[in-house]
Structures are given as structure tokens and as C-alpha cells.
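A short worksheet on the structure shown next.
The values are calculated or read from the model by the stated rules, or taken from the named source; none is laboratory data. All values derive from a computational prediction rather than experimental measurement. Quick reminder, even Gly has a Cβ in these numbers, built from the backbone with ideal geometry, and neighbours come from all protein chains shown. Calculation scope for accessible area: heavy atoms of the full protein, side chains included, ligands and nucleic acids excluded. Shrake-Rupley method; radii C 1.70, N 1.55, O 1.52, S 1.80 Å.
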Amino acid sequence: MIEARACFDAKLYTAAAVMVRRTLEGICIEQGTKKRALFQALQELRDDGKIEGRLFDWAQALRVLGNQGAHFSEESVDREDAADALSLAEALLNYIYVFTVKYEEFQNRRQSQGKTAG
């Protein structure tokens with residue numbers, strides 16, 4: 001993600017999209033997915049409840065944008081798409097590594113205190 005941001009700051013928007021895709025691959029591996037293909041690994045994250053529907057859709061859109069950047073074609077990634085890719089990747093990272101952890105900590109604390117939500 002650091003390299004994606006650096007590419008964006010250097011106005012290398014296609015490279016930024018490729019680095020966002022690489023970030024998605026890293027998330028999938030770190031989360032223990034068994035599938036090698038990114039499309040299937042993201043599906044596994046969804047099926048395991050690690051990401052929800054809209055985040056899955058976003059992640060798939062980022063995957064496609066990263067593919068656009070990674071494969072030679074006349075179509076490059078523009079600034080707006082690269083900016084969206086960075087924003088959406090950051091949202092995904094926050095969901096998996098911040099929101100989920102905080103939610104689990106909250107639930108565990110409430111349960112240990114004998115309190116229930118709702």
C-alpha cells in the first residue's frame with residue numbers, strides 16, 4: 001500500500017493500480033486464503049465472513065482495475081480511478097485490520113462482563 005501511494009504521488013497511476021492489486025493479494029494471503037487466483041481468494045474472504053458484500057464488490061473492482069494496469073493495452077489508468085483504488089483499498093484494510101478487531105474486542109469485553117448487545 002505504501003508503494004501504491006508513492007506511485008500515485010509520482011503521478012504513476014497505472015503503477016498505483018497494480019500496487020493496489022498487489023495489496024489485495026497480500027491481504028488474501030495474510031488472511032489465510034487457500035485459493036491462488038485473486039478472484040477466488042476474494043470470494044473465499046467473503047464466504048468466510050471476513051468481508052461483506054459491498055467490500056467484496058469493491059475488491060473485485062480493484063482487482064479488475066489492477067488487471068487493467070498490469071496487462072499491456074492502450075488503456076491506461078487515470079488519476080481518478082487510481083485515487084478511487086487507493087481509497088477503496090484503505091477502506092478494505094481498515095475494515096479487516098481495524099474495524100473487525102475493535103468489534104471483536106468490544107464483543108469479548110461485553111461477554112466477559114455478562115452484557116449482551118441490543
Q. Does residue 39 qualify as being farther than 21 Å from residue 4 by Cα, of a type in the set (A, V, I, L, M, F, W, C), part of a helix (DSSP H, G or I) and under 15 Å from the mean Cα position of the chain (by Cα)?
A. no
Q: Count, please, the residues in region 33-90 that happen to be acidic (Asp, Glu), surrounded by 14 or more Cβ atoms within 10 Å (Cβ to Cβ) and within 21 Å of residue 11 (Cβ to Cβ).
A: 3
(Q) Under 9 Å between Cβ atoms, which residue pairs at least 6 apart in sequence (or on different chains) link something in region 36-53 that is farther than 16 Å from residue 66 by Cβ with a partner that is open to solvent by less than 80 Å² (accessible area, probe 1.4 Å) and acidic (Asp, Glu)? (A) 50/44
Q. Do you know which residues across region 67-118 are assigned to a helix (DSSP H, G or I), without any contact (Cβ under 8 Å) to a residue 24 or more places away in the chain and of a type in the set (Val, Ile, Thr)?
A. 98, 101
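Look through region 91-118, keep the residues that are within 10 Å of the chain's Cα centre (by Cα) and open to solvent by less than 70 Å² (accessible area, probe 1.4 Å), and return whichever of them is nearest to residue 1 (Cα to Cα).
Initially, region 91-118 is screened for residues within 10 Å of the chain's Cα centre (by Cα), giving 91-96.
Cutting the leftovers down to open to solvent by less than 70 Å² (accessible area, probe 1.4 Å) gives us 91-93, 95-96.
Details: 91: 12, 92: 11, 93: 10, 95: 15, 96: 14 Å.
Result: 93.
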